[in-house]
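Rule-based calculations on the coordinates, nothing more; no lab input. Because the structure is a prediction, the values reported are computed rather than measured. Ideal geometry is used to build each Cβ from the backbone, glycine not excepted, and the neighbour counts take in all protein chains shown.
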Amino acid sequence: MGLEQHQQLKLRTKAFALRIIRMTQALPRNRKADVLARQVLRSATSIAANYRAAGRGRSKAEFTAKLGIVIEEADETVLWLELLAESGTAKAARLSDLHDEGNQLLAILHSFVENAQAINNLDSPQTGSSDFSMTRCADDPIWFTSFAAVPASPSCSPAFSAREQRPAGQHRRERSDSTP
């Protein structure tokens, strides 16, 4: 996934959340509609917020974990849209575009996680190591993950590399054995 694709999906998830907001404003005002509206509103806006946060992940594991949350929220949003239609709270025909968009986002995000997990498998001790890297370029406003198993661009400084290891003591404090 390139930076341009990431930016496009960030805009797409935000637009989806805005469409859900507008849809919930048009729902009838009763207890059933209010409960379903709050749920779909929460999960749809969470898709955009967590996808945005995933783009700022400090490692590929954090990026993948955040994408997992985004997938859960997208799946939940699709469920609430189905419940809105099947309960008669909203007409299915009026929700079909939102339902389709939710399913498309779910498929796209699922493919990202599968790709990330494939890269993680390349880094496992059983299969060796890849040249996966996370880079931060001076002109990039966010962390960005490159899932291509290629070295980082020379114009960017590596922020994380699968082969990089910290010197002892930098990641945790050493315990002294001075206890009685």
How about region 23-89: which trypsin sites (Lys or Arg not before Pro) there lie in a loop by DSSP and see at most 11 other Cβ atoms within 10 Å?
29, 58
Linear extension gain, residue 65 paired with residue 113, 0.36 nm per residue minus alpha-carbon span:
16.4 nm
Residue-ordered couplings for region 31-44, obtained by feeding phi - 60° into the Karplus form 6.51 cos²θ - 1.76 cosθ + 1.60 and rounding to whole Hz (Gly and Pro as x), are 4, 4, 5, 5, 5, 5, 5, 4, 5, 5, 5, 5, 6, 5
Of the cross-linked pairs 32/66; 10/32; 14/66; 10/91, which ones have a Cα-Cα span greater than 25 Å in the structure shown?
32/66; 10/32; 10/91
Roughly speaking, what is the stretch gain from residue 87 to residue 14, that is 0.36 nm per residue apart minus the C-alpha to C-alpha distance, in nm to one decimal?
23.6 nm
In whole Å, largest first, what are the principal axis extents of the Cα atoms in region 1-49?
44, 15, 10
Relative contact order for region 1-75: what percent, with Cα pairs under 8 Å and sequence separation of 6 or more?
30
